[in-house]
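Chemist: Below: one structure in structure tokens.
Bear in mind that the values in this text are calculations on the coordinates, not laboratory data. In this text, all values refer to a predicted model and were calculated from it rather than measured experimentally. Virtual Cβ from ideal backbone geometry, glycine too; neighbours counted across all protein chains shown.
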Amino acid sequence: MDILSDLLFNYTLRTVALGAAILGLVSGALGSFAVLRRQSLLGDAISHAALPGVVIAYMLTGSKSPLVLLLGAAAAGLLGTLLMMGITRYTRIKEDSALGIILSAFFGFGLMLLTFLQQNPQARQAGLNTFLFGQAATLLMRDVMVMAAFGGGALALMALFWKEFKLLSFDADFAASLGLPVRLLDVLLTGLLVVAIVIGLQAVGVVLMSAMIVAPAAAARQWTDRLGWMVALAALFGAFAGVVGATISSLGRGLSTGPVVVLVASAIVLFSLFFAANRGLLWARLRQTRRPLALIEAGGGRR
Amino acid sequence: MSSAQLEIQLIAVVVAVACALPGVFLVLRRMAMLSDAISHTVLLGIVLAFFVTQSLESPLLIFGAAAMGLITVALVEMLHKTQLVRQDAAIGLVFPALFSLAVILISRFASGVHLDVDAVLLGELAFAPFERLTVLGLELPRSLAVMVGILLLNILFIGLFYKELKLATFDSNLAAALGFSPALIHYGLMGVVSVTAVGAFDAVGSVLVVALMIAPAAAAYLLTDNLPRMLALAAGIGAASAISGYWLARALDANIAGAMATMTGLLFLLAFVFAPERGIVAIARRRQRQKWAFAQAALAIHLLNHEGTAVAAVECSAAHLQDHLRWEAAFAAQVLERAQKGQIISRENGLLRLTENGRSLAEQALVY
């Protein structure tokens, strides 16, 4: 019960858990679309590509306010994504290579700028470093407010364009034949994904943010065939992983929040892969061992 | 240039070439993102091997890490084979989990040791010359000795299995039919990628490993259709980014690995924009050329159709093109000007006439 009362009354833990819950909720919901559209690794590329945006936003404004840094991150993430779309559209280079190039070149560029800033003693980039690995423990209530505002906006837009995004995810050609602006919707949906990723960067960091896009959605996919349920479940799993991960990491030294949250999310995936109704591996195995009996019975009946 | 500077550049070039060679096959086989996964999960291999050996110098670390690279690939494939998740999702699930595990193990049990996550991701090439090793009576930086070994291994692997790799890459069905095991080639390549990632990541960090494996190979892919040439170009572009990145980092006093990754991106961007035939400038110019060529052929066919007929006076006037071919006036004027310059048509008293050239152009266009 101590943990429960800590969650409610300990300011730091409450803030961290709330932040992790918001990021899990938003990235779970929007990650569902990414997973369905075979863009699971896009999150990895976007989160890396956001780094130079954070640094440049700081260099231009001299401010470390979360709003400024998030806007910079979102701009760079979106630019990276558009470049990637351009590379796959105009050349024979496939998506995986385009992702790898954007991911590593943007991140390297951000790293270079970050270390360049470091020489200037006035501009110790302490606040910026957290974006690399994430430091959920440093989350303040104002950070969480910004996360909630951006995440809420992204979810509202998702709800507003629900039908269009659904069509885009399952049958883009049909969507185009109906006269929907497919390219524009694609950019909008990807933009929302950028928002989901960017609000999580400060908490779980560049490297692990991609897992928060994929894991809740992949787990939710095992339980349902309906998009609405999948998005809701993924949001629930994401938020659950956030809260549980934040709580566990508060229990011991050396348990950084980001990795723990990712491990909790991965455990949910593993559980779902085995035990999900219908699709789960366990039920498939059971069906397989029962089938011969059923066949014998059926065969015997016919004879 | 001091000898330390020279050594750093030498290490960087060797790393770049060693990464670019297997990178070519990753790009061609559409497995680029596996290098990202492997370059992260080898950290777990290093940590686990460290727990066993209790030493950061042990060569066992490289084996442990390389084995973890192969385990990553196997796990991704296992997950994919359940048909419950797609391959991209499988990659996205496996490597963050293994990486998280490594980060927690390090911070909980190995925090006193020189094994911090920052160095792993970002590398610190500037310190590479300080760790030295004596090989065959020569005193070399440790990473240089290791990377030269790995480079030779990569060259040997690609040299020995060149035919198999080529066949498995471009026609895996034929390779299987001829009795080569695509799985064996696949895991062989992944083993090479893993070993390279481990060695390189010690020197330059995991992010630069991805940059050096993918970007130079992708740039080379835009420049040539020939596999040996692509291998050579990728190695050259990798080496060029390594050296230019070093000097960029020096000029800015910034992280060397970051600057090198930036340069791989910039060189790729150059290829993307300016590559002959496949760059976007070349594509735009080709489209432009095709647009005019098509318009002129359409004009020639139109004139050929109405040549010498009763309605020729109307049909073969410049003003009529706007009605007949639905061309804007300005566009029509430009087509006519180009056609006249190209000696496809001539103008007489406001009437358009085909030249001999134009007639054969129209006839040819009609045949195809």
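Chemist: What distance in nm lies between label points placed 7 Å from Cα along the C-beta direction at B:Ile283 and B:His324?
Modeler: With each label point 7 Å from Cα toward Cβ, the separation is 3.6 nm.
Chemist: Work out which helices of chain B, taken as complete DSSP H runs, extend at least 30 Å along their axis over the Cα atoms and score a mean Kyte-Doolittle of 1.6 or more, then list them.
Modeler: Answer set is B:3-28, B:32-53, B:60-81, B:87-109.
Chemist: Once label points are set 7 Å from the Cα along Cα→Cβ at both B:Ala310 and B:Arg30, what is their separation, rounded to one decimal in nm?
Modeler: Going from the B:Ala310 label point to the B:Arg30 one covers 6.0 nm.
Chemist: At 222 nm, what helix-only mean residue ellipticity would chain A give, in deg cm²/dmol to the nearest 500, using -39500 (n - 2.57) for each DSSP H run of four or more?
Modeler: Helices in chain A give a 222 nm mean residue ellipticity of -28500 deg cm²/dmol.
Chemist: Considering the options A:Leu189, B:Asn154, A:Gly108, tell which one lies farthest towards the positive end of the dipole of the protein assembly as shown, charges being +1 on Lys and Arg and -1 on Asp and Glu at the Cβ, about the Cα centre.
Modeler: It is A:Leu189.
Chemist: Can you give the extra length, in nm with one decimal, that the chain gains between B:Val52 and B:Arg108 once fully stretched, where that is 0.36 nm per residue apart less the Cα-Cα distance?
Modeler: 18.6 nm
Chemist: Next question. Putting +1 on Lys and Arg Cβ atoms and -1 on Asp and Glu Cβ atoms, find which of A:Ala29, A:Met230, A:Gly72 reaches farthest to the positive end of the dipole of chain A.
Modeler: A:Met230
Chemist: Per DSSP H run of n ≥ 4, the term is -39500 (n - 2.57); total these for chain B, divide by its residue number, and report the mean residue ellipticity at 222 nm rounded to 500 deg cm²/dmol.
Modeler: Dividing the helical sum by the residues of chain B leaves -25500 deg cm²/dmol.
Chemist: According to a simple spin-label model (label point 7 Å from Cα along Cα-to-Cβ), what is the distance in nm between A:Leu282 and A:Arg253?
Modeler: Placing both labels 7 Å beyond Cα along the Cβ direction yields 3.8 nm.
Chemist: A further question on this structure: Under a point-charge model restricted to the Cβ atoms of Lys and Arg (+1) and Asp and Glu (-1), what is the dipole moment magnitude of chain A relative to its Cα centre, in debye to the nearest 20?
Modeler: Once rounded to the nearest 20, the dipole reads 840 debye.
Chemist: Just for the protein assembly as shown, what percent of DSSP beta bridges are antiparallel, to the closest 5?
Modeler: Here the share of antiparallel DSSP bridges comes out near 100 percent.
Chemist: For chain A, list the DSSP H helices whose alpha carbon atoms reach 24 Å or more along the long axis and whose average Kyte-Doolittle value is 0.0 or above?
Modeler: A:11-36, A:42-61, A:66-90, A:95-118, A:141-160, A:182-223, A:227-249, A:257-275
Chemist: Tell me which of B:Gln288, B:Ser346, B:Phe331 sits at the most positive position along the dipole axis of segment B:282-353, charges placed on C-beta atoms (Lys, Arg +1; Asp, Glu -1).
Modeler: Of the options given, the answer is B:Gln288.
Chemist: Another question, if that's okay. Using +1 on the beta carbon of Lys and Arg, -1 on that of Asp and Glu, and nothing else charged, what's the dipole of segment B:227-368 about the Cα centre, debye to 20?
Modeler: So the magnitude is around 420 debye.
Chemist: Let me know the charge dipole size of chain B about its Cα centre in debye, to the nearest 20, where only the beta-carbon of Lys, Arg (+1) and Asp, Glu (-1) is charged.
Modeler: For chain B, the charge dipole is close to 680 debye.
Chemist: While we're here: Find how much the distance from B:Glu131 to B:Asn173 grows on full extension, using 0.36 nm per residue of separation minus their present alpha carbon separation; answer in nm with one decimal.
Modeler: 10.4 nm
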